[in-house]
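The numbers here are math on the coordinates, done by the rules we state, and not lab data. Because the structure is a prediction, the values reported are computed rather than measured. Here the Cβ positions follow ideal geometry from the backbone for every residue, glycine too, while neighbour counts run over all protein chains shown.
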Amino acid sequence: MKSSLAVIKVGTRSSKLALIQTHGVLERWKSLFPGVSFEENAISTLGDRDKKTDLKISPPDFFTRDLDDAVRSGKIDCAIHSAKDLPNPVPEGLDWFWLPWREDPSDAIVLAPGGNVANLPAAPRIGVSSERREAWCLKRFPHARLIPIRGTIEDRLSQLDKGEYDVVIMASAALIRLGLEERITERIADEEMQVPDGQGALAVTFRSGDKRFLRMRSLFVKTVTFVGAGVGSYELCTVGGLRALKRCEVCLYDSLMDQALLEYLPRTAVRIDTGKRCGDHSMPQDEISKLITHYSRRGMMVVRLKGGDPGVFGRLAEEVEALDVLHLPYRVLAGVSSLNVATTQTGMLLTRRGVSRGFTVMTPRKQGGGIGSIQKEERAGLPIAFFMGMSVVKDIVGQLKEEGMSGSVPAALVFNAGSEYELIIRGNLDDIASRAGAKAQIVKDQPGLLVVGEAAKYGYDRSFGALSGQRVLLTCSADLQEKAADCVNDLGGVPIKRPLIRLVPEAGACELVKNIDRYDWLVLTSPAAVRCFFELFDSLCEEKMALIRIGALPRIIVCGPGSAAEVRKYRVQPAAEPASDFGAGGLKDMAHTIIKPGQKVLRLRSDKAGGALAEFLRSTGAKVDDFVLYRNETVKYVDLPEFEAVFFASASAVDVFVAQWGASALNGKKIAVIGKPTMEGLAKHGVTPQVIGREATVASCIETLAENCVVEALEKTL
């Protein structure tokens, strides 16, 4: 980073709670953005000065107006708010986002010290500050006297302790952040009283278009996924679309699709019916676009589920443009359109040898709902798509120009659409052939699509995510590929899947797994070892799975959070994991305290892991068996795809990469690794990674890579 720090002025309310919240955010920001200095500015707000107005009738920007005015005037660069205080919409000229570090969102009953709910008077005096809390209080305490309460958290507690109230309803998050969690008498369950969406969360406002905050925000938002639902049956939604639905937190869906797709959503996902039917739009298009950007800026995983294929009369352009304006990341998964189903699936094939070499598609409906012309001159202005090979580009262009089409008409060639080798060449009729010729060695005789017309000018912008559309080569084993690819997609990158090792169980491992109950401890030191063990165990000893879940079989020791998380996927709780130093070192420190002399220990590992850990475990006096559970087999490829960054999850993958393509193939690439062993594996080949995951997990490593990319991009804007 630059030696001189750039300064960003941060505004906050002057209350103790607001200052503590802001301090916490700035400490995290200083760690994430080491080249930036943050200057804190405490500003009095209308809500702080006016202690009399009942909050139930206060204006929406009661606690934010002064701060946001200071942002718009340039006095400060951004303001940190309690997310529930943000008005909707935020004032003109401002943009915003939520931060991911959320505290307990529940509400709480607070009594004076030593108080007990069971001993409250028949008509308790309850301090409340919202209609929501009033309604709940009247259900829980039907005879209560509800009295408005104002002031800081400390002020409210003081009024309570002086006897002015018998009960006060407060946000748990505020008490926890102030170190006053012991004042919580009883947390109120979510199902009893729904909390505001932003309670416990913090939000940042900044001037619209500020490049610094657009880059910073890219770390705190997820890529919006547009999914083509297909038409008719849910079976016509793609595998990628179904995976996106299973992971999403907010789904905005159309009416004209199989509603069975909603069964793939997590139980907790927010479901929003956009209700678009011909002639009956229950939700205007601009409102749909606003909702997409709203939930995206809250850091939620958003899926926009559109009937058919979203790019064919699906109003996709308007929704994408709304994200473009705000520099919010997105990706599009095409779907099966009604055009395909109504023709291919019924036998009315649009292309049939000797009958039809193509087709025209258009709608008679104009923008605004009227009926437009479908005459010859209108059809002549439609984009044209030609399925062809490189060799006929010149011939097609020549014929179009002979018929009078201008050489300035936009044109684009698309090769390998939708694959990791996708290539788009843009130009116009005058130069598209020569531009394609310059790429002839890359595309050779591959079939492509030539698009002619205004549509050829447009494209999706992949630069808004934290990874800015970088192609990230994923070398981890196949069982980690989906998780790694999801992380890359979420952070705005393009995953290039190339597993370099294949995990193959050893033939003798089956007997060991069958007799696992002979051991007191089972040591698994990698997520791969966990998966291999449980896959074998589940297939060979299904009747014993319940026993291992209650600890009746050997207790499991893991070496870090990645392995622990993998164990928990099988509904088994690891008995021990290091608090830090996630690797053999941390496991050794822990082993002395939990393994007793004479106990039987089984260490299962890959053929690449050495026996040093087993030797150490024997030094505790334990009887240790050390066996190879699985072998790492090399996966070979003909070529190395283009990439800007690479992720290595093991030293084995590093060795395979170098053996196939050489260490020089990593020159100029951003390299991210999991843990010290992988870093040491690179060092053997004279290569130093730029990024080491904070934790030994796939998600942490790729998130750290994204942070590195944002820091570099942010430096250029300061």
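Take ASP607 and MET283, extend 7 Å from each Cα along the Cα→Cβ direction, and tell me the distance between the two endpoints in nm.
Here the answer is 5.4 nm between the modelled labels.
Using Cα pairs closer than 8 Å and at least 6 residues apart in sequence, work out the relative contact order for region 224-341, in percent. Walk me through the numbers before you get to the answer.
On the way: 228 pairs, mean separation 46.6, N = 118.
Over region 224-341, the number comes to 40 percent.
Each label point is 7 Å from the Cα along the Cα-to-Cβ direction; what then is the distance between the points at ALA659 and SER373, in nm?
Between ALA659 and SER373, the label points sit 6.8 nm apart.
Stretch ILE57-LYS211 to full length: gain in nm at 0.36 nm per residue minus the Cα-Cα span? Let's see the in-between values first.
On the way: separation 154, 0.36 × 154 = 55.44 nm, distance 3.65 nm.
The span from ILE57 to LYS211 would gain 51.8 nm if fully extended.
With the cut-off at 22 Å, tell me which of the pairs LYS514/LYS596; LYS222/LYS246; LYS222/LYS439; LYS9/LYS30 have Cα atoms farther apart than that.
Numbers: LYS514/LYS596 24 Å; LYS222/LYS246 15 Å; LYS222/LYS439 34 Å; LYS9/LYS30 13 Å.
From the list (LYS514/LYS596; LYS222/LYS246; LYS222/LYS439; LYS9/LYS30), the Cα-Cα distance tops 22 Å for LYS514/LYS596; LYS222/LYS439.
Okay, which of region 185-207 sit inside 11 Å, backbone N to the point 7 Å along the Cα-Cβ direction of LYS139?
189-195
Per-residue ellipticity at 222 nm for the chain, helices alone: DSSP H runs ≥ 4 residues times -39500 (n - 2.57), over residue total, nearest 500 deg cm²/dmol? Provide the component values of the computation, followed by the final result.
Working: 25 runs with 231 residues, N = 718.
Here the helix-only value at 222 nm equals -9000 deg cm²/dmol.
Near LYS636, which lysines are there with a Cα under 26 Å away, not counting those fewer than 8 places off in the same chain?
LYS444, LYS483, LYS497, LYS608, LYS669, LYS670, LYS676, LYS684
So how much slack lies between LEU256 and ASN88, counting 0.36 nm per residue of separation and subtracting their Cα-Cα distance, in nm?
Details: separation 168, 0.36 × 168 = 60.48 nm, distance 2.97 nm.
Fully extending the segment from LEU256 to ASN88 adds 57.5 nm.
According to the square roots a ≥ b ≥ c of the eigenvalues of the Cα gyration tensor, what is the shape class of region 224-341, taking rounded for a/c under 1.5, prolate for a/b larger than b/c otherwise, and oblate for the remainder?
The shape class here is rounded.
Which residues' amide hydrogens lie under 5 Å from the amide hydrogen of GLY314, considering only partners 5 or more residues apart or on another chain, with H built in the peptide plane?
Result for GLY314 returns nothing.
Considering Cα pairs under 8 angstrom that are at least six residues apart, work out the relative contact order of region 107-188 and quote it in whole percent. List each step's numbers first, then the result.
Working: 114 pairs, mean separation 40.3, N = 82.
RCO, region 107-188: 49 percent.
How high is the relative contact order of the chain, in percent, with contacts defined as C-alpha pairs under 8 Å that are six or more residues apart? Write down the numbers at each step before the final one.
On the way: 1338 pairs, mean separation 68.1, N = 718.
Reported relative contact order: 9 percent.
Using Cβ contacts closer than 10 Å as the measure, can you line up SER338, SER468, SER296, SER37 from fewest to most? Could you put the intermediate results ahead of the total?
Numbers: SER338 16, SER468 21, SER296 24, SER37 13.
By the 10 Å Cβ count, ascending, the order reads SER37, SER338, SER468, SER296.
Per residue of region 284-295, in order, report the coupling 6.51 cos²θ - 1.76 cosθ + 1.60 (Karplus, θ = phi - 60°) as ³J(HN,Hα) in whole Hz, putting x for Gly and Pro.
Ordered by residue, 3J(HN,Hα) equals x, 4, 5, 5, 4, 4, 5, 5, 4, 5, 4, 5 Hz.
When the Karplus curve 6.51 cos²θ - 1.76 cosθ + 1.60 is applied with θ = phi - 60°, which whole-Hz ³J(HN,Hα) does each residue of region 455-461 get, with x for Gly and Pro?
With coefficients 6.51, -1.76 and 1.60, one gets 4, 5, 7, 9, x, 8, 9 Hz.
Does the chain classify as rounded, prolate or oblate by the C-alpha gyration tensor (a ≥ b ≥ c root eigenvalues; a/c under 1.5 gives rounded; else a/b over b/c gives prolate, otherwise oblate)? Don't skip to the answer; put the middle values down first.
Details: a/c = 1.78, a/b = 1.12, b/c = 1.59.
Because a/c hits 1.5 or more and a/b fails to exceed b/c, the chain counts as oblate.
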